[in-house]
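Below is one structure; the comments refer to it alone.
The values are calculated or read from the model by the stated rules, or taken from the named source; none is laboratory data. Please read all numbers here as calculations on a predicted model, not as lab measurements. Cβ placement follows ideal geometry from the backbone for every residue including glycine, while neighbour counts extend to all protein chains displayed. Ligands, DNA and RNA are stripped out before the accessible areas are found, and what is left, the full protein with its side chains, is counted by its heavy atoms. Shrake-Rupley method; radii C 1.70, N 1.55, O 1.52, S 1.80 Å.
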Amino acid sequence: MEEFGLWPQMVALGQVIAIDLVLAGDNAIVVGMAAAGVPIEQRRKVIFWGIGAAIGLRIFFALITTQLLAIIGLTLAGGVLLLWVCWKMFRELRDQGKGEMAPDEALASDAPAPGHTKSFGSAIWQIVVADVSMSLDNVLAVAGAAKEHPTILVIGLLLSVALMGAAANMIAHVLHKYRWIGWVGLAIITYVALDMIYRGSQEVAQHTTWLL
């Protein structure tokens, strides 16, 4: 990083790391809860494919981030989508994580989660749908936080993939134990979402003016 403008880059890097940590933990909890609803002999497969899909989708969205950000209106749409994520995170934090389950907890449990019994296929489908949304959220949030710092963007995208693959389960436990980390992450993601909505609105307005 160049000495000039180092502080803004460090702030952006801090935001990116917090976003990656919180969203990787949330994604892992989604996988764990879905796995808890299938018979115990199928849970390892559900977790494997669920985590694998999350990693693959993060790589895919990371590779096309430049093209995504070039789409007029996507920054605005991404900001609105992140606000929805913030609302869901707020409800989870407010409820103190009741019913949350990390992947290793799903494997250790002897019985399906009460009222959540499902087939292997439906569990995988539930995870894939969640993975698509959460992976896109992760990439857009990182891009929104990195802004005009391409180095930070690359670091953030690589970190999101690495955390999902190597440490998501551990992060899920940390977030469950230390709820304040989740609140800090929520505040940062909310700020990024509002900033993306503001910048995206300006982008759309300028594009509309140019067309007229």
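At-a-glance table
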read-out	value
Sites Tyr198 and Glu148 - FRET efficiency at Förster radius 22 Å, r taken between beta-carbons, to 0.05	0.90
Most to least accessible of Trp87, Trp49 (protein chains only, probe 1.4 Å)	Trp49, Trp87
Loop-resident sites, segment 112-212, for chymotrypsin sites (Phe, Trp or Tyr not before Pro), counting at most 15 other Cβ within 10 Å (DSSP)	Tyr178
Accessible area expressed per residue, segment 115-209, with surrounding protein chains retained (probe 1.4 Å, Å²)	49 Å²
Heavy-atom accessible surface of the chain: percent carbon and sulfur, 1.4 Å	71 percent
³J(HN,Hα) computed for each position of segment 55-62 - Karplus, 6.51 cos²θ - 1.76 cosθ + 1.60, integer Hz, glycine/proline x	5, x, 5, 5, 5, 4, 5, 5
Distance in nm between pseudo-label sites at Trp7 and Trp84 (7 Å out along the Cβ direction from Cα)	3.8 nm
Relative contact order of the chain, pairs being alpha-carbon contacts under 8 Å that are 6 or more residues apart, as %	43 percent
Heavy-atom SASA rank of Val85, Val30, Val80 (probe 1.4 Å, accessible area, largest first)	Val80, Val30, Val85
Which of Arg58, Arg91 is most accessible, then next, and so on - probe 1.4 Å	Arg91, Arg58
